[in-house]
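Report on one structure; see the data block that follows.
The values are calculated or read from the model by the stated rules, or taken from the named source; none is laboratory data. On a predicted model such as this, the values are computed, not experimentally measured, just so you know. Positions of Cβ are backbone-derived with ideal geometry, glycine not excepted, and every protein chain shown enters the neighbour counts.
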Amino acid sequence: MTSEETDAIRDSEQDQHVLVLSGGDSSERDVSLRSGQAVREALEQAAQGGLWGGDVETAVLEGDGTWCWRGESWSELSALQAMAPQTVVFLALHGGRGEDGRIQAALESAGLRYTGSGPAASSLCMDKRATRGVLLDEGLSVPPARLVSRLPADADDRARLEQALRALSEGDEGWFVKPNQGGSSAGIHRVHHPDGLLDAASAVLEGGDRALVEAAVSGVELSVGVLGIAGVDLRALPPVEIQPKNAGWFDGTEKYDESNGAREVCPPENVPPEIDERLRELAVRAHTGTGCRGYSRTDFIATPAGEIVALEVNTLPGLTVRSLLPLEASCAGMDFESLCLEILRLAGP
């Protein structure tokens, strides 16, 4: 961030009050709590260093929808009504109610500003099947997939479904069976043999979500963050390459285990410059096509043949020490404090 940009942020945000909201009701709760702590510490350091003139406090969204704030338990409505009008809510939530548009809609109804995308984009991007349709409309490639809402009781119908799922994958790549609205690799099953497809789908269904059965794609896994608002100051960050150590794919351990997790490399080591540029272009297209605001992160696979396949769009990507967006920002010359201030600057609506 240039000195002129820093001065502009400091001058425009004097006396700004920020509430960092983390926790939530999803499988990503622990990650969210770590993101919230990291964001608070970054904003406090920015204030102490004179980079920002506001103040910050935290609240935790509990699984039952109540807010733990200022040492008390609040209903969502009472918490929103008690906030000062100048409060900006920094959303460090991941998944569930925190990322599917419901919190965003409540904040807008209360007339409060908040970080990240609005209700419509948040709801869309939490629905993997719906997001695939938008990405296709925007000219991006996605893996072959089928949504399974239930498993047929009739044996012949089950056999036909299994055959259709088998046909999604060519060769020996196999499949991923995912919760349609999950995140952080939680509940994902890597299936190598077709006999395991229905069992994996059943496990996802038992967890209360629909199962997206997706053909596995061989290649280099990459992720690209985007900062900004369409039509204003949109820019893609450098892609980061993900090199799993043990699992062969970016599962929860590979994502969050600091000692045994994946190696994450920015800029990428195994894609040529033209693929790097194409990834940035497609990430911006995904950001704008899905209606994201402020920041997002889109995950891709670059195949050996040079095709780029989009996997999903994250509207509230992680902000922990093991998260990809801060690494990409660092590669672009933006430290974590500056990244948090930039996300804050882009708060809406």
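Per the listing GLU76, GLU72, the residue uniquely more than 30 Å from GLY289 (Cβ to Cβ), surrounded by fewer than 19 Cβ atoms within 10 Å (Cβ to Cβ) and either without any contact (Cβ under 8 Å) to a residue 12 or more places away in the chain or not assigned by TED's automatic domain parsing to the domain that holds SER22 (or both) is GLU72.
Any residue at all in the stretch 27-47 that is more than 26 Å from the chain's Cα centre (by Cα), modelled with pLDDT of 95 or more and not in a strand (DSSP E or B)? Within the stretch 27-47 (the criterion being more than 26 Å from the chain's Cα centre (by Cα), modelled with pLDDT of 95 or more and not in a strand (DSSP E or B)), the answer is yes, since at least one residue qualifies.
In the set (1) at pLDDT 95 or above; (2) out of contact with any Asp or Glu (no Cβ under 6 Å at 6 or more places or on another chain); (3) surrounded by fewer than 21 Cβ atoms within 10 Å (Cβ to Cβ), ASP209 fails one condition alone, (1).
Being of a type in the set (S, T, N, Q), touching a residue at least 40 places away in the same chain (Cβ under 8 Å) and surrounded by 23 or more Cβ atoms within 10 Å (Cβ to Cβ) is a property that THR87 lacks. Of the residues ARG150, ARG235, ARG146, ARG166, only one is surrounded by fewer than 16 Cβ atoms within 10 Å (Cβ to Cβ), under 30 Å from GLU281 (Cα atoms) and in contact with a helix residue (DSSP H, G or I) (Cβ under 9 Å, 6 or more places away or on another chain); which? When all the criteria are applied, what remains is ARG235.
Looking at SER218, is it within 30 Å of ALA167 (Cβ to Cβ), in contact with a Ser or Thr (Cβ under 9 Å, 6 or more places away or on another chain) and at pLDDT below 95? When the stated conditions are applied, SER218 passes them.
Against the test of being of a type in the set (Ser, Thr, Tyr), surrounded by fewer than 19 Cβ atoms within 10 Å (Cβ to Cβ) and in contact with a Ser or Thr (Cβ under 9 Å, 6 or more places away or on another chain), the options THR58, THR66 yield a single qualifying residue, THR66.
Can you pull out the residues in the stretch 289-325 that are closer than 18 Å to ASP100 by Cβ and either aromatic (Phe, Trp, Tyr) or not in a strand (DSSP E or B) (or both)? Selection gives THR290, GLY291, CYS292, ARG293, TYR295, THR315, LEU316, PRO317, GLY318.
The selection criterion, being of a type outside the set (S, T, N, Q), surrounded by fewer than 23 Cβ atoms within 10 Å (Cβ to Cβ), at pLDDT 95 or above and in a helix (DSSP H, G or I), holds for GLU281.
I need a count of the residues in the stretch 258-278 that are surrounded by fewer than 18 Cβ atoms within 10 Å (Cβ to Cβ) and in a loop (DSSP other than H, G, I, E, B). Total satisfying the criteria: 7. Regarding ARG97, is this residue surrounded by 15 or more Cβ atoms within 10 Å (Cβ to Cβ) and in contact with a Gly (Cβ under 8 Å, 6 or more places away or on another chain)? Yes.
Taking the stretch 145-181 as the range and being at pLDDT 95 or above and among the acidic types (Asp, Glu) as the test, the residues that pass are ASP154, ASP156, ASP157, GLU162. Note on the stretch 113-154: residues that are over 26 Å from ARG102 (Cα atoms) and within 15 Å of the chain's Cα centre (by Cα) total 0. Here the strands (runs of 3 or more DSSP E) wholly within the stretch 132-238 that include at least 2 residues being without any contact (Cβ under 8 Å) to a residue 24 or more places away in the chain and touching a strand residue (DSSP E or B) at 6+ places or on another chain (Cβ under 7 Å) are 189-191. The conditions of being under 26 Å from the mean Cα position of the chain (by Cα), buried (at least 18 other Cβ atoms within 10 Å of the Cβ), modelled with pLDDT under 95 and not in a helix (DSSP H, G or I) are not met by SER22. Annotation note: of ASP195, ASP233, the sole residue that is of a type in the set (Asp, Glu) and in the same structural domain as PRO179 (by TED's automatic domain parsing) is ASP195.
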